[in-house]
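K.L.:
I am attaching a structure below and will ask some questions about it afterwards.
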Amino acid sequence: MHETDMTKALIVTVKDWWESQPERFKISSVHLIVGKFTCVEPVSLQFTFEVQTRNTFLDGAKLIIQETPLIAFCHRCQQEYQPEIGIQYACPECKSPMDDIRSGRELKIDRIEYCAETTTTQTYAPNI
Amino acid sequence: MHQTFDAALGINLLHANQQGAEHNRAHFDRWGIICLNIMSSPGAGKTVLLERTLAALSEELKIVVIEGDMTTELDADRLRQYGVPVIAINTGRSCHLDSKMVAGGIHQFEHLHNPSDFNLVLVENVGNLVCPAEFEVGEHYKVALLSVTEGEDKPLKYPLMFQEADCLLITKMDLAPYLEIDISRIEANIRQMNPHATIISVSAKTGEGLEIWLNWVRSVTREHVPELQAATSD
Ligand SMILES: Nc1nc2c(ncn2[C@@H]2O[C@H](COP(=O)(O)OP(=O)(O)O)[C@@H](O)[C@H]2O)c(=O)[nH]1
Ligand SMILES: [Mg+2]
Ligand SMILES: [Zn+2]
């Protein structure tokens with residue numbers, strides 16, 4: 001259910017960007033980076049995105065999600081490790097708590113691809 | 001002719017919500033108010049904890065409640081008995097409060113009261129262990145509740161909430177003797193992802209641990225509210 005709200009947040013943010021642009025571009029794809037240590041489930045996000053963008057400025061736009069793993073850094077061992085989500089978060093070597101997350105918390109709109117009419121070549125001469 | 005372009009954004013998905021949260025927090029700061037965001041799964045004991053907190057502190061601190069987890073309007077009425085303003089927020093079908101909803105609550109509050117007269121805002125979030133952790137509302141501290149009936153593994157299953165919390169209450173301690181539950185295991189599981197949080201075991205029923213919780217509230221409030229610092233330093 002929370003993906004609905006996430007998608008709303010996503011659409012609002014993209015819309016803010018879109019409206020700040022000089023032209024109303026046609027957006028073809030939105031690229032997200034979503035960490036494994038967030039409340040977002042990519043599959044649900046895909047689905048709600050499709051539903052919620054119908055008949056809006058994002059109609060037909062693709063949502064492309066790149067997931068990033070949960071990586072923590074153990075200061076005692078001076079090394080990175082990958083906690084097992086749902087099972088174990090402390091450092092597997094020394095059992096220090098997970099305290100420094102280096103990856104996995106991302107919830108980022110990385111980039112947007114859009115189409116625009118190019119006006120570099122004038123195909124007619126308006127003054128004739 | 002069409003051409004494809006690429007715009008690098010690097011914008012946080014929750015950008016709009018975070019901006020709203022910062023806006024709310026700036027309001028609180030200007031009024032000398034500290035805001036606590038109280039979160040848990042449904043039924044862990046948020047409303048009852050609020051009742052006990054209001055009963056103990058409503059003379060000492062000027063409190064306002066923002067209620068986002070109403071089953072019925074009765075919940076708000078129960079809290080109003082303690083003589084504090086209770087702003088009820090209609091969250092619709094949303095599974096968490098967001099900063100915009102809370103901004104709406106602040107607006108109502110501002111309309112009816114002088115915010116500068118208050119010190120503490122207690123926000124009861126929607127019962128859910130997942131999303132509220134991700135959506136800031138403008139709080140200074142996050143408080144998470146986990147009742148003993150929910151099981152020892154919940155922190156491992158819902159790590160985000162437990163990782164983000166500043167204060168963690170293990171609630172309904174009076175029920176622990178009837179269950180096969182090891183409180184030290186709950187704590188150890190929480191510590192795996194949160195070495196810093198204050199962990200307090202409480203029972204709203206017997207009063208166990210409540211004084212420790214109240215002292216935590218008192219101390220963070222004093223830390224944040226300049227006028228109270230002046231009052232306690234002499
Ligand atoms: N035995 C016991 N029951 C409690 C305690 N705190 C809350 N409850 C009960 O748990 C249920 C849900 O409490 P409530 O405060 O409404 O939970 P909320 O959904 O988190 O607001 C109610 O029936 C409460 O009476 C407690 O400390 N001990
Ligand atoms: Mg409640
Ligand atoms: Zn280690």
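The values are calculated or read from the model by the stated rules, or taken from the named source; none is laboratory data. Predicted, not measured: the structure shown is a model, and the values here were computed from it. As a convention, Cβ positions derive from the backbone with ideal geometry for all residues, glycine included, and neighbour counts pool all protein chains shown. SASA here: full protein model, heavy atoms, side chains in, ligands and nucleic acids out. Shrake-Rupley method; radii C 1.70, N 1.55, O 1.52, S 1.80 Å.
K.L.:
What tally of residues in the range B:1-53 results from selecting those that are aromatic (Phe, Trp, Tyr) and open to solvent by 50 Å² or more (accessible area, probe 1.4 Å)?
P.N.:
Number satisfying all stated conditions: 1.
K.L.:
Which of the following residues is farther than 23 Å from B:GLU22 by Cα, in contact with a Phe, Trp or Tyr (Cβ under 7 Å, 6 or more places away or on another chain) and more than 16 Å from ligand 3 (Cβ to nearest atom): B:PRO159, B:PRO177?
P.N.:
From the options B:PRO159, B:PRO177, the qualifying one is B:PRO159.
K.L.:
In the range A:21-31, how many residues are more than 13 Å from the chain's Cα centre (by Cα), surrounded by 14 or more Cβ atoms within 10 Å (Cβ to Cβ) and either in a loop (DSSP other than H, G, I, E, B) or β-branched (Val, Ile, Thr) (or both)?
P.N.:
Number of matching residues: 2.
K.L.:
Further question on the same structure: Tell me, please, whether a residue that is more than 15 Å from ligand 3 (Cβ to nearest atom) and either at the interface with chain B (Cβ under 9 Å from one of its Cβ atoms) or over 21 Å from the mean Cα position of the chain (by Cα) (or both) can be found in the range A:79-86.
P.N.:
yes
K.L.:
Further question: Within the range B:54-70, restricting attention to residues that are surrounded by 17 or more Cβ atoms within 10 Å (Cβ to Cβ) and more than 13 Å from ligand 2 (Cβ to nearest atom), which residue is farthest from B:PHE28 (Cα to Cα)?
P.N.:
B:ALA56
K.L.:
Further question on the same structure: Given the condition at the interface with chain B (Cβ under 8 Å from one of its Cβ atoms) and open to solvent by 50 Å² or more (accessible area, probe 1.4 Å), answer yes or no: does some residue in the range A:13-20 qualify?
P.N.:
Within the range A:13-20, one or more residues are at the interface with chain B (Cβ under 8 Å from one of its Cβ atoms) and open to solvent by 50 Å² or more (accessible area, probe 1.4 Å).
K.L.:
Sort out which residues of the range B:41-70 are of a type in the set (S, T, N, Q) and within 11 Å of ligand 1 (Cβ to nearest atom), and write them in order of number.
P.N.:
B:SER41, B:THR47
K.L.:
Let me ask another. Residues in the range A:23-43 that are more than 9 Å from chain B (Cβ to nearest Cβ) and at pLDDT below 90: how many?
P.N.:
3
K.L.:
May I ask you to list pairs of residues, at least six apart or on different chains, whose Cβ atoms are under 9 Å apart, with the first in the range B:8-24 being more than 7 Å from chain A (Cβ to nearest Cβ) and the second being part of a strand (DSSP E or B)?
P.N.:
Pairs found: B:GLN18/B:ASN12; B:ASN24/B:CYS35.
K.L.:
I'd like the full set of residues that are touching a residue at least 24 places away in the same chain (Cβ under 8 Å), among the hydrophobic types (A, V, I, L, M, F, W, C) and within 14 Å of another protein chain (Cβ to nearest Cβ), limited to the range B:187-227.
P.N.:
Within the range B:187-227, B:ILE190, B:MET193, B:ALA197, B:ILE199 qualify.
K.L.:
Answer yes or no as to whether B:MET161 is open to solvent by less than 40 Å² (accessible area, probe 1.4 Å), within 16 Å of ligand 1 (Cβ to nearest atom) and in contact (Cβ under 8 Å) with a residue 60 or more places away in the chain.
P.N.:
yes
K.L.:
Pull up the range A:52-86, narrow it to residues that are open to solvent by 60 Å² or more (accessible area, probe 1.4 Å) and aliphatic (A, V, I, L, M), then point me to the one that is nearest to ligand 2 (Cβ to nearest atom).
P.N.:
So, considering only residues that are open to solvent by 60 Å² or more (accessible area, probe 1.4 Å) and aliphatic (A, V, I, L, M), the one nearest to ligand 2 (Cβ to nearest atom) is A:ILE85.
K.L.:
Looking at the range A:68-92, I want the residues that are more than 11 Å from B:PRO159 (Cβ to Cβ) and have a partner that is within 16 Å of ligand 1 (Cβ to nearest atom) and at pLDDT 95 or above with Cβ atoms under 6 Å, at least 6 apart or on another chain. Which pairs are those?
P.N.:
Nothing qualifies.
K.L.:
Can you pull out every residue in the range B:49-86 that is without any contact (Cβ under 8 Å) to a residue 24 or more places away in the chain and of a type in the set (D, E, K, R)?
P.N.:
B:GLU59, B:GLU73, B:ASP77, B:ARG80
K.L.:
Residues to consider are B:ILE170, B:ILE199, B:ILE212, B:ILE181; find the one that is more than 16 Å from ligand 2 (Cβ to nearest atom), at pLDDT below 95 and either open to solvent by 10 Å² or more (accessible area, probe 1.4 Å) or outside any helix (DSSP H, G or I) (or both).
P.N.:
Going through B:ILE170, B:ILE199, B:ILE212, B:ILE181 in turn, the sole match is B:ILE181.
K.L.:
Answer yes or no: is there a residue in the range B:27-38 that is part of a strand (DSSP E or B), of a type in the set (S, T, N, Q) and touching a residue at least 24 places away in the same chain (Cβ under 8 Å).
P.N.:
yes
K.L.:
Kindly establish whether A:PHE49 is more than 9 Å from chain B (Cβ to nearest Cβ) and either open to solvent by less than 40 Å² (accessible area, probe 1.4 Å) or modelled with pLDDT of 95 or more (or both).
P.N.:
yes
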